[in-house]
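Encoded as structure tokens, the structure appears first; notes follow it.
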Ligand SMILES: Cc1ncc(COP(=O)(O)O)c(C=O)c1O
């Protein structure tokens, strides 16, 4: 057997890696599966993206390598959108990096900034690309447990000094997956100041910037004074436009950080399919019309999910952003056991808190990505499994 590298051995199982196969097996057994696992809605993208994709795909030039430059109108559309949405002007050519989905950029970036004997600070529970990138780079993840105690914020004052001294990257993601927490501006100001003091790269993952409710408007990190010296912000078409499968996102940062990421990528990929970037232009240009209607659908689903899961006996806050509920479990019910029973006995996919790291234990995540009726049915089944587990039946 060819020998694995030590670095490979450090990778845990990816939480969603086996779910599609498990789901398929259940469906083959005739089970009525309800999938509230991945953050991947059953809704359609803006209609304009299909025409834009088709028009572009018919042009031979658009079928050639995009290279790092990609389709320049995409860079321009991203820049215009960033300015309109956050009042932040990013130079389309030097301060934007097109990505094959934001996950790709997030995980590759660590290769340029982290190395053995250095740390990255990662939220736990948190999106797994942060630890993936860190482990690929041979660096050490310092896992900070996001718990209600700090409103699911990373308090840098609690991180040991010797770790901070050797920290290269801090990963922040607000609105947060999986806890749905949001970050106050004064918190972001403090974090930016600390990263500037210590020359720590602040990776601000803003994948959920457009999925917010009840008047909350998530900020860009670049709304914070001085952030441009140390921060890179990641965005994605995935969640905002129901385009997870298209694999299209971008990073925004100062020219030095952008060219660093672009250099890494030039050895890894040869650019996004430019017809997809052309579709991205259409999506971004449709924002004003499409996003509010899409958010209204998610808000209805959120309300249905909160109602149904609370009625089924679970505790959760009402999220002001994202497509997730972060639900508490009783102390004596391990989240992995709950998730396994719910999947095997009732055909419902949810994410156990422990799949995001031990800091996520005591909770589970549902994605409100399907109709209110299906969410209510999933909640009813989840309540049944919880009742069985707490009664010691299962
Ligand atoms: C916090 C967070 N960041 C980034 C992503 C990646 O999005 P994509 O690679 O589809 O752009 C996700 C997807 O679930 C996410 O939850």
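Structure above, values below:
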quantity: Span per principal axis, largest first, for the Cα atoms of segment 1-64 (Å); calculated: 45, 39, 20
quantity: Cα pair distances in segment 243-294, grouped into 10 Å bins until the bin that holds the longest one, percent each; calculated: 20, 41, 30, 9
quantity: Protection proxy ranking, peptides 200-212, 176-188, 21-33, 371-383, average beta carbon neighbours within 10 Å, highest first; calculated: 200-212, 176-188, 371-383, 21-33
quantity: Stokes-Einstein D (µm²/s) once Rh is taken as the Kirkwood radius of segment 64-120 over alpha-carbon pairs, at 4 °C in 1.567 mPa s; calculated: 98 µm²/s
quantity: Overall Cα dimensions of segment 307-350 - principal axes, largest extent first, Å; calculated: 31, 22, 18
quantity: Mean separation of Cα contacts under 8 Å (6+ apart) over length of the chain, as relative contact order %; calculated: 24 percent
quantity: Pairwise Cα inverse-distance average, inverted: Kirkwood Rh of segment 257-394 (Å); calculated: 17.5 Å
quantity: Ranked 340, 104, criterion: other C-beta atoms within 10 Å, fewest first; calculated: 340, 104
quantity: Percent antiparallel among DSSP beta bridges (both partners in the chain, rounded to 5); calculated: 45 percent
quantity: Rg(Cα) / (2.2 N^0.38 Å) computed for the chain, rounded to two decimals; calculated: 0.98
quantity: Global form of segment 320-394, assessed from the alpha-carbon gyration tensor, a/c cut-off 1.5; calculated: oblate
quantity: Contour minus Cα-Cα distance for residue 72 and residue 303 (0.36 nm per residue); calculated: 79.2 nm
quantity: Coarse-grained scattering of segment 120-237 at q = 0.20 Å⁻¹, given as base-10 log I(q)/I(0) from a Debye sum over alpha-carbon atoms; calculated: -1.17
quantity: Over segment 173-247, volume per residue of the alpha carbon convex hull, in Å³; calculated: 99 Å³
quantity: Residues 9, 384, 84 arranged by fewest to most Cβ contacts within 10 Å; calculated: 9, 84, 384
quantity: Prolate/oblate/rounded call for segment 22-146, Cα gyration tensor, a/c under 1.5 rounded; calculated: oblate
quantity: Kirkwood Rh and Cα Rg combined as Rg over Rh, evaluated for segment 277-333; calculated: 1.19
quantity: Computed FRET value (nearest 0.05) for residue 315 with residue 266, which takes r as the C-beta separation and R₀ as 35 Å; calculated: 0.15
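Rule-based calculations on the coordinates, nothing more; no lab input. All of these numbers come straight from a predicted model, not from anything done at the bench. Neighbour counts run over all protein chains shown; Cβ positions are idealised from the backbone, glycine included.
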